[in-house]
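Colleague: Mind having a look at this structure? Questions to follow.
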């Protein structure tokens, strides 16, 4: 789910026509919500690999035309990816169409057991 500074999850739900925020949103809704929020002064985007929408978040950032240096971008490392953190971080950077993140945090403070 993307959380924008100073925007309530209730309002975000209305923007996306959903009560789930951007998590499990319809295709295209995340990109549009991110673009709209950034164009209207919001500066913090919080997403996660587990939401499977980082490509849409990246497209929304790009479509907004807001300079990347004006955005605080957070993503979270998915639990199964904690054993391949560096590779997962590079995946997120590619999907978000950015060279850097302002914060990358674990989704949870524990990792799932690694299995081949």
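Colleague: Scan the range 27-53 residue by residue and report those that are touching a strand residue (DSSP E or B) at 6+ places or on another chain (Cβ under 9 Å), over 14 Å from residue 98 (Cβ atoms) and in a loop (DSSP other than H, G, I, E, B).
Modeller: Across the range 27-53, the qualifying residues are 43, 48.
Colleague: Moving on to the next point. May I ask you to say which residue of 29, 63 is surrounded by 15 or more Cβ atoms within 10 Å (Cβ to Cβ) and modelled with pLDDT under 90?
Modeller: When all the criteria are applied, what remains is 29.
To keep it simple, each residue is scored yes or no on (1) within 18 Å of residue 44 (Cβ to Cβ); (2) without any contact (Cβ under 8 Å) to a residue 12 or more places away in the chain; (3) assigned to a helix (DSSP H, G or I).
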position	(1), (2), (3)
55	no, no, yes
61	yes, no, yes
66	yes, no, no
74	yes, no, no
82	no, no, yes
85	no, yes, yes
88	no, no, yes
91	no, no, yes
94	no, yes, yes
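Colleague: Condition first: at pLDDT 90 or above and either surrounded by 14 or more Cβ atoms within 10 Å (Cβ to Cβ) or touching a strand residue (DSSP E or B) at 6+ places or on another chain (Cβ under 8 Å) (or both). Can you find one or more residues in the range 80-89 that meet it?
Modeller: Within the range 80-89 (the criterion being at pLDDT 90 or above and either surrounded by 14 or more Cβ atoms within 10 Å (Cβ to Cβ) or touching a strand residue (DSSP E or B) at 6+ places or on another chain (Cβ under 8 Å) (or both)), the answer is yes, since at least one residue qualifies.
Colleague: Criterion first (surrounded by 19 or more Cβ atoms within 10 Å (Cβ to Cβ) and at pLDDT 95 or above) does residue 77 satisfy it?
Modeller: So residue 77 does not fit the description; no.
The values are calculated or read from the model by the stated rules, or taken from the named source; none is laboratory data. Just so it is clear, the model here is predicted, and its values are computed rather than measured. Note that each Cβ is placed from the backbone with ideal geometry, even for glycine, and that neighbours are counted across all protein chains shown.
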